Amino acid sequence: MTTLQPCVPTSTLTRFILQQERRFPSASGELSDLLNSISLGTKMIAQLVATAGFRGLQGYTGKTNVQGEATQKLDEESDKILHELLGSSGHFGLLVSEERDTVQVASEGTAHAKYVVAFDPLDGSSNLGSNIPVGTIFSIWRKRSNARPAAIEDFYQSGRNLVAAGYTVYGAKTSFVYSSGQGVHGFTLDPTIGEFILTEEEIRSPERGKTYSVNEGNALAWDAQVGDFVAQLKSEDKKRGTPYAARYVGSLVADFDRNLKRGGVFLYPADKKNANGKLRLLYECMPLAYIAEQAGGRAIDGKRNVLDIVPSDIHERCPFIVGSKYEVDWFESLRR
Ligand code: AHG
Ligand code: MN
Ligand code: MN
């Protein structure tokens, strides 16, 4: 009988971030501090999600957010945690959250704060209450000018200017996946010591996958390109390697995480009901497009690479087709 070897986790997220920082001798250490603040916030949110059922945190607040969606208590609590932690880090000037109508000035954001951050504090909220994975998504930009305090136009930068982005999944395990432009790295929370441990260094997406993720309930509203693509994915074609398997959780982070690691494609396209799709550019599409591209995949809005889009509103929506290069190219080839 093999005994579980006690493992001394030597590569924690905290250490990994500092190792990445040491590659840049001029680094001030602020980004490391920010990423560690975000990681701390996600550990707190993981705890909230796991215990909401007996802490009176299940269910709706009775309010609707700027998106016109009913907010859940956990949306609000997760949003508060990130505002307090990131706002007090001293490095962020402004914060954008899915749950707040306007940009928020960081509580301790000084005029010298170099960064702005946008986040979806809790993605997949419609799955709360049933034990389906949800997560948090974040994007970090440097201010466009250090000669002034952060301003809303610091959020109107393309994803090419992202300094770092990442997401967590609160599921059977709590995972933290991020990139600061030097590859994509995955960590797993060891709750016994409260540290994220490096479990997947340099994640690379397979060239192609075998699964597709889309809400087929919207099929009647799809345009011809989406309809043709999904029909081809479902067809019997040995040469092309179809049919693919359908996998759709309803939590973007969960679908994205599976496709990132095993290959496949996720679509929340524009359709007759939603001219710009449903997902938000700043804190859902851009950060995940950044991660996908860093791992060798692709993300388009149907016409453009998502990372080339310059936002003009902090809550603007964006059609989103993201995943392995082969499938995204295939979708693009069907454009009429
Ligand atoms: P959020 O919970 O932050 O509003 O995001 C929900 C998003 C995304 O997580 C998921 O992929 C998508 O909504 C599911 O939308 P449908 O239920 O319309 O398929
Ligand atoms: Mn979301
Ligand atoms: Mn959300």
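Mean separation of Cα pairs under 8 Å and 6+ residues apart, divided by the residue count of segment 13-200: what relative contact order is that in percent?
On the way: 346 pairs, mean separation 27.7, N = 188.
About 15 percent, as a whole number.
Considering segment 211-333 at the alpha-carbon level, its Rg and Dmax are found to be 13.5, 45 Å.
When the chain is described by a simple charge dipole with +1 on each Lys and Arg Cβ and -1 on each Asp and Glu Cβ, the residue from GLY194, LEU74, LEU288 located farthest towards its positive end is LEU288.
With a Förster radius of 35 Å applied to the C-beta separation of ARG148 and LYS63, the computed FRET efficiency comes to 0.55. Lysine pairs in segment 211-333 with Cα distance under 19 Å, only those 8 or more apart or on different chains: how many are there? Taking the Cα cut-off of 19 Å, the pair count is 7. Radius of gyration over Kirkwood radius for segment 13-200, both on Cα atoms: the Rg/Rh ratio is 0.96.
For segment 211-333, the solvent-accessible area with a 1.4 angstrom probe is 38 square angstrom per residue.
Counting only heavy atoms of the protein chains and using a 1.4 Å probe, ARG317 has close to 70 Å² of accessible surface.
Annotated for segment 13-200: lysine pairs at least 8 residues apart or interchain, Cα distance under 14 Å, count 4. Taking all protein chains as they are arranged and a probe of 1.4 Å, the heavy atoms of THR71 leave approximately 10 Å² accessible to solvent. Mind pulling the angle between the C-alpha long axis of helix 224-234 and the longest principal axis of the chain? Nearest 10 degrees, somewhere in 0 to 90. So the helix axis and the longest Cα principal axis differ by about 80 degrees.
Taking the Cα centre of segment 211-336 as origin, work out the dipole magnitude from +1 charges on Lys and Arg Cβ and -1 charges on Asp and Glu Cβ, in debye rounded to 20. Write out the running numbers ahead of the final one.
Values: 19 positive and 17 negative charges, 56 e Å.
Computed charge dipole of segment 211-336: roughly 260 debye.
For the chain, the antiparallel share of DSSP beta bridges with both residues in that region comes to about 85%. The angle between the Cα long axis of helix 13-22 and the longest principal axis of the Cα atoms of the chain comes to about 80 degrees, rounded to the nearest 10.
Rounded to the nearest Hz, the phi-derived 3J(HN,Hα) couplings of segment 254-261 under the Karplus curve 6.51 cos²θ - 1.76 cosθ + 1.60 (θ = phi - 60°) are 6, 5, 5, 4, 5, 5, 4, 8, where x marks glycine and proline.
Taking Cα atoms only, the orientation of helix 30-51 departs from the longest principal axis of the chain by about 70 degrees. A straight chain from ALA221 to ILE132 at 0.36 nm per residue would run longer than the Cα-Cα distance by 29.4 nm.
Is there a quick way to get the dipole size of segment 140-292? I mean about its Cα centre, with the Cβ of Lys and Arg at +1 and of Asp and Glu at -1; what is the value in debye to the nearest 20?
Values: 21 positive and 17 negative charges, 58 e Å.
The calculation lands at about 280 debye.
The magnitude of the dipole of the chain, with charges of +1 and -1 set on the Cβ of Lys/Arg and Asp/Glu and taken from the Cα centre, is near 700 debye.
Largest first, what is the accessible-area ranking of LYS273, LYS210, LYS238, LYS114 with a 1.4 Å probe?
LYS238, LYS273, LYS210, LYS114
The values are calculated or read from the model by the stated rules, or taken from the named source; none is laboratory data. Note that the structure is a prediction, hence the values are computed from the model and not measured. With ideal geometry, Cβ positions are generated from the backbone for all residues, glycine too; neighbour counts draw on all protein chains shown. Accessible surface areas use protein heavy atoms only, side chains included; no ligands, DNA or RNA. Shrake-Rupley method; radii C 1.70, N 1.55, O 1.52, S 1.80 Å.
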